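Here's the structure, in structure tokens; my notes come after.
The values are calculated or read from the model by the stated rules, or taken from the named source; none is laboratory data. Every value quoted in this text rests on a predicted model; they were computed, and no experiment measured them. Backbone-built Cβ (ideal geometry, glycine too); neighbour counts: all protein chains shown. The accessibility values were calculated without ligands, DNA or RNA, using every heavy atom of the protein model including side chains. Shrake-Rupley method; radii C 1.70, N 1.55, O 1.52, S 1.80 Å.
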Amino acid sequence: MTEIYDLHCHSTASDGALSPRDLVSRAKQYGVTHLALTDHDTVAGVAEAQRAAEMEGINLITGIEFSTTWQSHCLHIVGLNLDPSHPLVAEGSHAIQTIRNERAEKISIKLEKKRIPGAFESVKKAAGDGMITRTHFAEFLLSQGYVDTLQGAFDNYLGDGKPGYVSTQWPGLEEVVNWITASGGIAVLAHPMRYKLSGSWMRRLLIDFKEMGGLSIEVVSGRNNPDEINTLARYAKQFDLAGSAGSDFHNPKNIWVELGRLNPMPDFVTPVWHLFETKALTS
Ligand code: AMP
Ligand code: MN
Ligand code: MN
Ligand code: MN
């Protein structure tokens, strides 16, 4: 059977639309053989996903997507194959939950000043026990008719420099990479193209990331075109980093991104899942 890896997606434990169980069923339906659940800053969905994966007969890789600040850029670092019960994962997750809750209050106050009341209660209810994200705010703004699309919510209210934007200091890159590595995981720089870094800043980032213990970058992602994949594959090769592949699936309503629907990994890049095997053999 062809193996299909999708190592980046979200459930209701953060800003995904599907429960961990439904996400795993959908992954199975779309032919994924190896799935990593990588919710924003939490592993709360992993146990349910693991149970569902055993029922469905697909391989679940434990994952998380940590938010971090590096040189005043907000970056996302995926942790793969980590021990979800490691104390550093819980500590990191708890620290970021506090940051997220405080930020949510500040965003809500800013929206109130724009005569948009009730955001905090609404996002808190929607997030439940999960992490509150800007996606929750975007869904609130959409449901109340302030915008016509989720993208519109980011463009008009939530994006950098917009009226509801709150600049946030996330934990540093070294700390986040350490949480992942110390808990037995592999640190992956998520969607590198999203940060809009110049070539020289990207190289500085990759040098720092590698020095801190980072092992991989996402080469194939849900929305990357072949040119971007080729650029990222060359960075992976140049910096001796493994390549990861993940859709960053959030919601079935987004028809552009689907679980397991990914371009192939260029053959000169070492796939990150080869590192799982090496680890399994040596542990
Ligand atoms: P946060 O980590 O709370 O700042 O929220 C970031 C999340 O919002 C990302 O993981 C995406 O799921 C979503 N997001 C960010 N920017 C956009 C955008 N321009 N359009 C749609 N969703 C976005
Ligand atoms: Mn998200
Ligand atoms: Mn991300
Ligand atoms: Mn993501």
*asked:* Can you tell me, using C-alpha contacts under 8 Å and at least 6 residues apart, the relative contact order of segment 93-158 as a whole percent?
replied: 24 percent
*Which whole-number percent is the relative contact order of the chain (Cα, under 8 Å, 6+ apart)?*
20 percent
_Expected output is a single nm value to one decimal: the length gained when fully extending between MET55 and ASP155, i.e. 0.36 nm times separation in residues minus the C-alpha distance. What is it?_
31.9 nm
*Relative contact order (percent) for segment 146-247, with alpha-carbon contacts under 8 angstrom and 6 or more residues of separation?*
22 percent
*Which value results for Rg/Rh of segment 1-86 when Rg is the Cα radius of gyration and Rh the Kirkwood radius based on the inverse mean 1/r?*
1.00
*Among HIS73, HIS40, HIS136: highest mean-square fluctuation, GNM of the chain, C-alpha pairs under 10 Å*: HIS73
*Check cross-link reach from LYS110 to the aspartates and glutamates: straight Cα distance under 19 Å, and skip same-chain residues fewer than eight apart.*
GLU102, GLU121, GLU139, ASP155, ASP160
*Measuring from label point to label point, each 7 Å out along Cα→Cβ, what is the PHE239 to LEU142 span in nm?*
3.2 nm
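Taking a threshold of 26 Å on the Cα-Cα distance, which of the pairs LYS28/LYS196; LYS162/LYS196; LYS113/LYS253 fall above it?
Details: LYS28/LYS196 33 Å; LYS162/LYS196 18 Å; LYS113/LYS253 31 Å.
In this structure, LYS28/LYS196; LYS113/LYS253 lie more than 26 Å apart at Cα.
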*Using a 1.4 Å probe and ignoring any ligands, DNA or RNA, find the accessible area of ARG26 and quote it in Å² to the nearest 10.*
50 Å²
*Anchor LYS237: aspartates and glutamates whose Cα lies under 12 Å away (excluding residues fewer than 8 positions away in-chain)*: ASP267
*So how far, in whole Å, is the C-alpha centre of segment 133-176 from the one of segment 47-105?*
19 Å
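Sort HIS274, HIS76 from largest to smallest accessible area, using a 1.4 Å probe on the heavy atoms of the protein chains. Write down the numbers at each step before the final one.
Values: HIS274 85, HIS76 35 Å².
Highest to lowest solvent-accessible surface, that is HIS274, HIS76.
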_What is the angle, in °, between the Cα long axis of helix 226-238 and the longest principal axis of the Cα atoms in the chain? Nearest 10 is fine, range 0 to 90._
60 degrees
*asked:* Angle check, please: helix 134-143 long axis (alpha carbons) against the longest principal axis of the chain (alpha carbons), in degrees 0 to 90, nearest 10.
replied: 50 degrees
*On Cα atoms only, tilt of 87-113 relative to the major axis of the chain in degrees*: 30 degrees
